[in-house]
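What follows is a single structure, written as structure tokens, with notes after it.
The values are calculated or read from the model by the stated rules, or taken from the named source; none is laboratory data. Keep in mind that what you see is a predicted model, and the values were worked out from it rather than measured. In this analysis, Cβ positions are derived from the backbone assuming ideal geometry, glycine residues included, and neighbour counts consider all displayed protein chains. SASA here: full protein model, heavy atoms, side chains in, ligands and nucleic acids out. Shrake-Rupley method; radii C 1.70, N 1.55, O 1.52, S 1.80 Å.
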Amino acid sequence: MKRIITILALTLITTPALAQDRMTIMLDWFVNPNHGPIILAQELGYFADAGLEVEVITPADPNDPPRMLAAGRIDLAVSYQPELHLNSRNGLGLVRVGTLIETPMTCLVVRADGPVQSVADLEGRKVGFAVAGLQEMLLDAMLTHNGVSPDDVEQINIGWSISPALMSGQVDGVIGAFRNFELNQMDIEGIAGRCFYPEAEGVPSYDELIYVARAEGLNRDKIARFLLATERATADILNDPTGMGEVFFATSAELRNELNTRAWGDTWARFASRPAAVDHGRYARFETFLVNQGAVDVAIPAADLVVDVTAQVAE
């Protein structure tokens with residue numbers, strides 16, 4: 001019996017592990033609490049359990065992920081629902097395959113002690129943005145909703161420098177600031193901010209962060225396994241946000257700071273508990289909004305924008 005056990009042990013040691021399917025995902029920004037389910041699925045071994053070896057990449061430029069995905073250089077990208085609608089007109093061939101954060105997070109931020117007390121007060125002033133096209137569209141809609149012509153507001157691409165541009169007075173407001181980050185960052189610096197919410201200023205509610213993939217050659221099985229792993233991580237977060245926050249911060253010393261700690265508390269409840277599930281009506285309503293805004297000519301059916309990779313496909 002002892003000899004049999006020894007042989008069995010040697011077999012287990014020398015037999016190579018089953019090969020994992022490789023997958024690359026590019027985030028929308030540097031790693032932060034918004035990406036909790038991805039980082040935790042990696043750290044807790046859920047990707048490995050799903051037969052995946054996932055490489056997480058951060059972009060050099062916030063405009064890079066959709067372009068890199070369309071070029072076939074990555075398998076998945078974290079993007080924004082409004083950006084998907086606009087990119088669908090640019091021939092990138094991308095579809096939404098999952099949801100990471102299912103509520104809007106973007107807001108138009110101004111200094112609370114400044115002259116801008118309403119969106120209408122931005123007339124004749126400067127507003128900064130980070131992601132070209134997407135955030136300009138949201139700003140235009142919010143301005144129009146408040147009776148201000150977008151032509152009467154100077155829009156400046158400020159790249160990564162969202163809060164600093166506002167706090168230094170380079171701009172009078174910033175669109176694309178996340179309500180869980182920039183407001184906390186300003187408060188830490190001793191400057192109070194005021195947030196105008198797009199969904200309260202004429203923009204229909206939308207999924208803030210989504211997973212997008214190339215429609216052509218879509219690997220439904222591999223993506224479904226990825227989403228299942230992040231769903232497991234999200235369930236852990238929702239059940240124990242404090243404990244899972246500690247696991248998240250332990251993955252990198254750079255993550256453990258006051259800003260991220262505050263942001264985690266403002267973020268975890270917004271993660272999509274069913275990342276593969278999709279609300280077609282939400283995407284259809286946003287298409288109607290774009291048409292009514294004059295941002296696009298014709299609405300694209302929601303079925304052409306989103307995919308539930310876990311749904312049965314008819315042969």
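To keep it simple, each residue is scored yes or no on (1) open to solvent by less than 40 Å² (accessible area, probe 1.4 Å); (2) modelled with pLDDT of 95 or more; (3) of a type outside the set (Lys, Arg); (4) farther than 26 Å from residue 144 by Cα.
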{"site": "277", "(1), (2), (3), (4)": "yes, yes, yes, yes"}
{"site": "282", "(1), (2), (3), (4)": "no, yes, no, no"}
{"site": "299", "(1), (2), (3), (4)": "no, yes, yes, no"}
{"site": "311", "(1), (2), (3), (4)": "no, no, yes, yes"}
### Selection status of residue 306, within 18 Å of residue 204 (Cβ to Cβ) and at pLDDT below 95
no
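Okay, residues lined up against (1) β-branched (Val, Ile, Thr); (2) in a loop (DSSP other than H, G, I, E, B); (3) in contact (Cβ under 8 Å) with a residue 12 or more places away in the chain; (4) touching a Ser or Thr at 6+ places or on another chain (Cβ under 9 Å):
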site: 248; (1), (2), (3), (4): no, no, yes, no
site: 260; (1), (2), (3), (4): no, no, yes, no
site: 263; (1), (2), (3), (4): no, no, yes, no
site: 266; (1), (2), (3), (4): no, no, yes, no
site: 275; (1), (2), (3), (4): no, yes, yes, yes
site: 281; (1), (2), (3), (4): no, no, yes, no
site: 285; (1), (2), (3), (4): no, no, yes, yes
### Query
Mind checking which residues of the stretch 145-157 are among the hydrophobic types (A, V, I, L, M, F, W, C) and either touching a Phe, Trp or Tyr at 6+ places or on another chain (Cβ under 6 Å) or open to solvent by 20 Å² or more (accessible area, probe 1.4 Å) (or both)?
156
### Task
Could you tell me which of the residues 137, 142 is assigned to a helix (DSSP H, G or I), open to solvent by 10 Å² or more (accessible area, probe 1.4 Å) and in contact with a Leu (Cβ under 9 Å, 6 or more places away or on another chain)?
137
### Message
Can you pull out every residue in the stretch 218-237 that is in contact with a helix residue (DSSP H, G or I) (Cβ under 6 Å, 6 or more places away or on another chain) and either farther than 15 Å from residue 78 by Cα or of a type outside the set (S, T, N, Q) (or both)?
### Response
229, 232, 233, 234, 236, 237
### Query
Does the stretch 135-142 include one or more residues that are at pLDDT 95 or above and of a type in the set (D, E, K, R)?
no
### Message
Being buried (at least 18 other Cβ atoms within 10 Å of the Cβ), part of a loop (DSSP other than H, G, I, E, B) and under 11 Å from the mean Cα position of the chain (by Cα) is the filter here; which residues of the stretch 65-109 pass it?
### Response
80, 102, 104, 105
### Query
Of these, 172, 152, 140, which one is of a type in the set (Asp, Glu) and free of Cβ contacts under 8 Å to residues at least 60 places away in the same chain?
152
### Task
Residues being open to solvent by less than 20 Å² (accessible area, probe 1.4 Å) and in a strand (DSSP E or B): count how many of those fall in the stretch 37-64.
2
#### Entry: Pick from the stretch 230-246, criterion in contact (Cβ under 8 Å) with a residue 40 or more places away in the chain and open to solvent by 40 Å² or more (accessible area, probe 1.4 Å), ranking: nearest to residue 188 (Cα to Cα)
236
